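As structure tokens, the structure follows; a few thoughts come after it.
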Amino acid sequence: MNTNRELVMIPGPTPVTEPIRKQLGRETAAFKDPNFVEDFKEVISDLTKLWNSSEVFVVSGSGTLAMEMAIANTLKETDSVLVISHGFFGDRMVDLCKRKGLDVDVLSSKWGKAISVEEIKEKLAKKKYKAVAVTHVDTSTGVKASLDQLGEVLDKHPETLFIVDGVCSTAGEPEFMYEMGIDVLITASQKAFGVPPGLAMVWVSEKAMSRREEIGDICEYYLDFDRWLPVMKNPDKYFGTPPVNLIWALKEAVQIIKNEGLLERFKRHQIRGRAVQKALEGLGFEILAEENVRASTLSNPLYPEGIEDGEFRKVLKEEGVVVAGGLGPYAGKLFRLGHMGNIDTNELVTVISAIERTLFRLDYPVEFGKGINILLENIMKKEKN
Ligand SMILES: *Cc1c(COP(=O)(O)O)cnc(C)c1O
């Protein structure tokens, strides 16, 4: 029962590896320190190149700030926006857009399912939208939107910006700004980048930068691209104090991504995501998201008959693993397990083993090693060649 180390496997913050953590303990430099300015420049340049964007903004804040930044800089009051919602965070985008006084239309799926391309096409044929916003992976349901298909549809609507909430996907699921026609992509540091919380990141296409110019002055101050752009071009300039140590941590995370290779990283997430999901199914859980729209970055397993949420997560924590509870209508019915970022095989084995031990302690029929066997069969064989 006693564990030396607690493994936090919620869908953000995700585990932070030693080299990244070390950056946080460094003596904080002046934000004009030439070495720091160089480091910040390199981060901006790498992020722009890796995701093939025109600009990127890296500022202090959480994912929600990034969402607000995306909307504030591309849409003005009464502009029409279509939000495709696959759960809690899609609904948050709806709220945010309504608060801003936008003309908001919503396509909401049943939790666990995705909105079909046909429905989206139909909506777009009936009305002109200034933007379409979608959550790539909705953390509440584990549903992944098809950005490929959406991008293709939006290709025929050049007046419409494509805004993607990648908070639970960026650096874990394939997102290619140019190829998929994404205009604004947002994320936060604490999810698939594996950096502690505190950084909001917003990638922007040329088209979205033109939209920013078109809409003129905006009332938001801290969120304004115009105020941050000179800093992103040259971090020697000041607008708001950059979180120096977090930028260093992000630089380390980007280095890890470059060493691994972005495509390799996506593939790793896909193989391991599926392996974890199969292992959970083997142990008696059902995954909420339908198989063809299932995310690789996290899993939302529904409890089998007889397992109570509070008890399960309490015992699992005693066994050394922390997971998150369900949101909205699925509170108490499922748990949310993050497996994105810089997670290794040992950690995944630990998680599945802890789940087996928890089921056993809760008198649920379990064959020790069954989940581990499925997990390793899927990871080791698929990653061998
Ligand atoms: C976590 C999350 C957010 C919100 O991010 P915060 O950093 O908690 O503000 C938004 N969208 C998605 C898809 C998320 O997973």
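The values are calculated or read from the model by the stated rules, or taken from the named source; none is laboratory data. Please read these numbers as outputs of a predicted model, since none were measured by experiment. Note: ideal-geometry Cβ built from the backbone for every residue, glycine included; neighbour counts use all protein chains shown. Surface accessibility is based on the protein's heavy atoms, side chains included, excluding ligands, DNA and RNA. Shrake-Rupley method; radii C 1.70, N 1.55, O 1.52, S 1.80 Å.
Couple of notes before you dig in:
- Over all other residues within a Cβ to Cβ distance under 12 Å of LYS267, the charged ones net out to +1, with Lys and Arg as +1 and Asp and Glu as -1.
- Considering only GLY282, GLY240, GLY142, the mean-square fluctuation computed in a Gaussian network model of the chain, springs between alpha carbons under 10 angstrom, is largest for GLY240.
- Positive contributions from Lys and Arg (+1) and negative ones from Asp and Glu (-1), summed over other residues with Cβ under 15 Å from the Cβ of PRO11, come out at +3.
- Rounded to 5, percent antiparallel among DSSP beta bridges of the chain: 50
- Between 0 and 90 degrees, the angle of helix 345-361 with respect to the longest Cα principal axis of the chain falls at about 50 degrees.
- Using alpha-carbon coordinates, inclination of helix 88-99 to the longest axis of the chain, degrees: 30
- Percent carbon-and-sulfur accessible area, the stretch 18-260, ignoring ligands, DNA and RNA, probe 1.4 Å: 49
- Base-10 log of normalised Debye intensity for the stretch 254-385 (one unit scatterer per alpha-carbon) at q = 0.10, 0.11, 0.14 Å⁻¹: -0.31, -0.38, -0.61
- Residue among THR345, THR28, VAL132 farthest towards the positive dipole end of the chain, charges placed on Cβ: THR345
- A straight line joining the Cα centroids of the stretch 233-253 and the stretch 323-349 runs 30 Å.
- Distance between modelled label sites at LEU24 and LYS127, nm, 7 Å Cα→Cβ extension: 4.3
- The C-alpha atoms of the chain define a longest principal axis, and helix 63-72 lies at about 30 degrees to it.
- With the simple spin-label model, which puts each label point 7 Å out from Cα in the Cβ direction, the ASP148 to ASP226 separation comes to 4.0 nm.
- Surface per residue (accessible, 1.4 Å probe) for the chain, Å²: 43
- What separates the Cα centres of the stretch 9-54 and the stretch 282-302 is a distance of 32 Å.
- Helical runs assigned H by DSSP (4 residues or longer) give the chain a calculated mean residue ellipticity at 222 nm of -13500 deg cm²/dmol, each run adding -39500 (n - 2.57) before division by the residue total.
- Over the stretch 18-260, Cα pairs under 8 Å with separation of 6+ residues give a relative contact order of 30 percent.
- A straight Cα-to-Cα reach below 20 Å connects LYS126 with the aspartates and glutamates ASP79, ASP103, ASP105, GLU118, GLU152, ASP155, GLU159, residues fewer than 8 places away in its own chain not being considered.
- Spin-label model distance (nm) - GLU281 vs ALA331, 7 Å beyond Cα toward Cβ: 3.0
- Extension gain (nm, one decimal) between HIS157 and SER210, 0.36 nm per residue minus Cα-Cα: 17.5 nm
- Multiplying the residue separation of MET380 and THR345 by 0.36 nm and subtracting their alpha-carbon distance yields 11.7 nm.
- Here the stretch 18-260 is treated as a sphere whose radius is the Kirkwood value from Cα pairs; by Stokes-Einstein at 20 °C and 1.002 mPa s it diffuses with a coefficient of 118 µm²/s.
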